[in-house]
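The values are calculated or read from the model by the stated rules, or taken from the named source; none is laboratory data. Predicted model, so just to flag it, every value in this text is computed and none were measured. When we count neighbours, we look across all protein chains shown, and the Cβ atoms used for this are built from the backbone with ideal geometry, even at glycine. Each accessible area value is taken on the protein alone, full model and side chains, heavy atoms only, with ligands, DNA and RNA left out. Shrake-Rupley method; radii C 1.70, N 1.55, O 1.52, S 1.80 Å.
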Amino acid sequence: MSTKQLVWPRWPIADDHTLAQLKQVLESGRWAISGPYMGEPTREQRFAEKFAAYNGVHWCVTMDHGTSALIAALEALDIGVGDEVIVPGLTWVAPALAVLAVNAMPVLADIERDTCCMDPHAIEQSITPRTKAIVVVHMYGNMVDMDAIAALAAQYDLAIVEDAAHSHGASWKGNRAGSMGDIGVFSMQQGKVLTCGEGGAAITNRIELKDRLEASAWNARTRIAPAERLQYPMTLSEGQPRFGLNRCLSEFQAAILLDQLPRLARQNRVREEHADWLDRQLAQISGIRLMRKDTRIWERTYYGYVLQIDPLTSTLSAYELIQQLQQDLNMGDYLLHTAYKPLSRNPLFQPHLKRHALGTDYLAELQKQMRPLPNCEYVHANSIVFHHSILLAEKEQLAQLVHTIEQRMTGR
């Protein structure tokens, strides 16, 4: 096969069934949970119940974005001014920005080079009397050591917010990603393995946190019981004396999620099988390092397939190899890119000049977080991340990928 003819799988994946679900919403007269009651549960409620069951928890509260779910989780835990929250130094900016959004202090902890996930030792070194929570982020195709995190949380009386935006369907010793902390949060943005374009969710087993999450998501309204729906036309009504914004998921988004959720398990199995195959092939190429696989991860979800270039043995940098692969294999930035830039120097991680001007002490403490994080820097400099849709390609295409990497790494 000529590399110029390679056509990689498109993402997201939609078909006639997806279109039919959207058409039903379009013609139903109800496009939002704040629309009139139509005699049946909303699609949002149906998805929330299915997603809670899928993750083995009691409750799911849907939202408009994963970032909204992170902010709502911190609000539900009553975290705010004067509190510190530990977040990984290498991740998308949302966890740290969520902490800023509630006027708490994000404390950046370093990661493990061979998993891209938070280092439990770095977390413990970051704990102070002001620390109230840890936001753990399962990264790319790995999970944080949840045994170590649970032990730290118990020892220091800390809440756990589990960011599973990269890990829909992954499991740690049989427990779904997102189900092991006080609150688990998900993003359903376009690139995620479960997507509706933009969307989010928070899951929990604690009813008081579920009520607070609903308040944060639905303008402090609450879901009306079926027996009361003739009296309240919107399914939501006033009822919680608590601050809340409108972060509602639309019925169109919920319909897409109901269409996509039944596909998730099969797609994850294919990704995991193909990632294992790539590991076996790439392990034979000098200068390539693969991610460590913890045997406690019983089901692995790949938001990104990561390989690293050994800077001591390779004549190519990760950035140079990325450019060559993009050219050779018809891959754009969406399919192939570097790992995230460390938050300590990410231009997207910025406080709002007025909202977060909480005094010189706050800003000085925030500035201290902009220190070097050696492992975050290493992973950013030496890692190559392939979007998960690559793992849905045919083996022939993946073989071409391996062959091209070998050619470039050996100079043949």
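Suppose we filter segment 124-137 for residues that are within 26 Å of VAL306 (Cα to Cα) and without any contact (Cβ under 8 Å) to a residue 60 or more places away in the chain; how many remain? Steps first, please.
Taking segment 124-137 as the starting set, the residues that turn out to be within 26 Å of VAL306 (Cα to Cα) are 134-137.
Checking which are without any contact (Cβ under 8 Å) to a residue 60 or more places away in the chain leaves us with 134, 136-137.
Number satisfying all stated conditions: 3.
Scan segment 308-332 for residues that are within 22 Å of GLY191 (Cβ to Cβ) and in contact with a Pro (Cβ under 9 Å, 6 or more places away or on another chain) and jot them down.
Hit for segment 308-332 is ALA318, nothing else.
Spot the failing condition for LYS192; the list is (1) at pLDDT 95 or above; (2) open to solvent by 60 Å² or more (accessible area, probe 1.4 Å); (3) among the basic types (Lys, Arg), and only one is missed.
(2)
Looking only at segment 195-221, filter to residues that are of a type in the set (Lys, Arg) and surrounded by 22 or more Cβ atoms within 10 Å (Cβ to Cβ); which one of those is farthest from the chain's Cα centre (by Cα)?
Kept after step one, since they are of a type in the set (Lys, Arg), are these residues of segment 195-221: 206, 210, 212, 221.
The next check asks that each one be surrounded by 22 or more Cβ atoms within 10 Å (Cβ to Cβ); those that pass are 212, 221.
Numbers: ARG212: 21, ARG221: 27 Å.
Going through the qualifying residues, I end up with ARG221.
At pLDDT 95 or above, over 30 Å from ALA76 (Cα atoms) and not aliphatic (A, V, I, L, M): is that true of ASP276 in this structure? Give the steps one after another, and end with the answer.
Values: at pLDDT 95 or above: yes; over 30 Å from ALA76 (Cα atoms): yes; not aliphatic (A, V, I, L, M): yes.
Yes, satisfied.
Please go through segment 35-56 and pick out each residue that is surrounded by fewer than 18 Cβ atoms within 10 Å (Cβ to Cβ) and touching a helix residue (DSSP H, G or I) at 6+ places or on another chain (Cβ under 7 Å).
MET38, ARG46, LYS50
Of the conditions (1) open to solvent by 50 Å² or more (accessible area, probe 1.4 Å); (2) touching a Ser or Thr at 6+ places or on another chain (Cβ under 7 Å); (3) farther than 18 Å from ARG113 by Cα, LEU358 fails just one. Which one is it?
Going through (1) open to solvent by 50 Å² or more (accessible area, probe 1.4 Å); (2) touching a Ser or Thr at 6+ places or on another chain (Cβ under 7 Å); (3) farther than 18 Å from ARG113 by Cα one by one, LEU358 breaks only (2).
Filter segment 169-185 down to residues that are more than 22 Å from GLU198 (Cβ to Cβ) and not small (Gly, Ala, Ser) and give me whichever is surrounded by the fewest Cβ atoms within 10 Å (Cβ to Cβ).
Across segment 169-185, the extreme among qualifying residues is LYS173.
Can you tell me which residue in segment 307-316 is nearest to LEU335 (Cα to Cα), limited to those that are in contact (Cβ under 8 Å) with a residue 12 or more places away in the chain and open to solvent by 10 Å² or more (accessible area, probe 1.4 Å)? Please lay out each step first, then the result.
At the first step, the residues of segment 307-316 found to be in contact (Cβ under 8 Å) with a residue 12 or more places away in the chain are 307-311, 313-316.
In the following step, the residues that additionally are open to solvent by 10 Å² or more (accessible area, probe 1.4 Å) were identified as 310-311, 313-316.
Values: ASP310: 22, PRO311: 23, THR313: 26, SER314: 23, THR315: 23, LEU316: 20 Å.
Going through the qualifying residues, I end up with LEU316.
ALA32 - would you say it is in contact with a strand residue (DSSP E or B) (Cβ under 8 Å, 6 or more places away or on another chain) and open to solvent by less than 10 Å² (accessible area, probe 1.4 Å)? Don't jump to the end; show me each part of the working.
Details: in contact with a strand residue (DSSP E or B) (Cβ under 8 Å, 6 or more places away or on another chain): yes; open to solvent by less than 10 Å² (accessible area, probe 1.4 Å): no.
Taking the combined requirement at face value, the residue does not satisfy it.
When you scan segment 297-311, do you find a residue that is hydroxyl-bearing (Ser, Thr, Tyr), over 23 Å from ARG10 (Cα atoms) and in a loop (DSSP other than H, G, I, E, B), even just one?
Within segment 297-311, the subset hydroxyl-bearing (Ser, Thr, Tyr) is 301-303, 305.
Narrowing the set further to residues that are over 23 Å from ARG10 (Cα atoms) leaves none.
No, because not a single residue in segment 297-311 is hydroxyl-bearing (Ser, Thr, Tyr), over 23 Å from ARG10 (Cα atoms) and in a loop (DSSP other than H, G, I, E, B).
With LEU348, LEU392, LEU343, LEU358 as the choices, which residue is under 21 Å from GLN308 (Cβ atoms), among the aliphatic types (A, V, I, L, M) and in contact (Cβ under 8 Å) with a residue 60 or more places away in the chain? Explain how you work it out, then say what you get.
Working: LEU348 fails: under 21 Å from GLN308 (Cβ atoms); LEU392 fails: under 21 Å from GLN308 (Cβ atoms); LEU358 fails: under 21 Å from GLN308 (Cβ atoms).
Only one candidate qualifies: LEU343.
Pull out all pairs, ordered by first then second residue, where Cβ-Cβ is under 6 Å, the residues are six or more apart or on different chains, the first lies in segment 280-291 and is within 15 Å of THR313 (Cα to Cα), and the second is part of a helix (DSSP H, G or I).
Qualifying pairs under 6 Å: ILE285/GLU406; ILE285/MET409; GLY287/MET409; ILE288/LEU282; LEU290/ASP279.
Could you check how many residues of segment 118-127 are more than 21 Å from ALA164 (Cα to Cα) and in contact with a strand residue (DSSP E or B) (Cβ under 6 Å, 6 or more places away or on another chain)?
Residues meeting the conditions: 1.
Identify, from the list PRO36, PRO41, the residue that is part of a loop (DSSP other than H, G, I, E, B) and closer than 14 Å to ALA254 by Cα.
Just a single option satisfies the conditions, and that option is PRO41.
Quick check on my filter: what residues within segment 279-291 are touching a strand residue (DSSP E or B) at 6+ places or on another chain (Cβ under 8 Å), over 12 Å from HIS403 (Cβ atoms) and either of a type in the set (Asp, Glu) or assigned to a helix (DSSP H, G or I) (or both)?
Here is the first cut: in segment 279-291, the residues touching a strand residue (DSSP E or B) at 6+ places or on another chain (Cβ under 8 Å) are 279, 282-283, 287-291.
Filter once more, keeping what is over 12 Å from HIS403 (Cβ atoms): 279, 283, 287-291.
Selection gives ASP279 alone.
Just to verify a result, which residue in segment 274-306, among those that are surrounded by fewer than 19 Cβ atoms within 10 Å (Cβ to Cβ) and among the hydroxyl-bearing types (Ser, Thr, Tyr), is nearest to GLY169 (Cα to Cα)?
Going through the qualifying residues, I end up with THR295.
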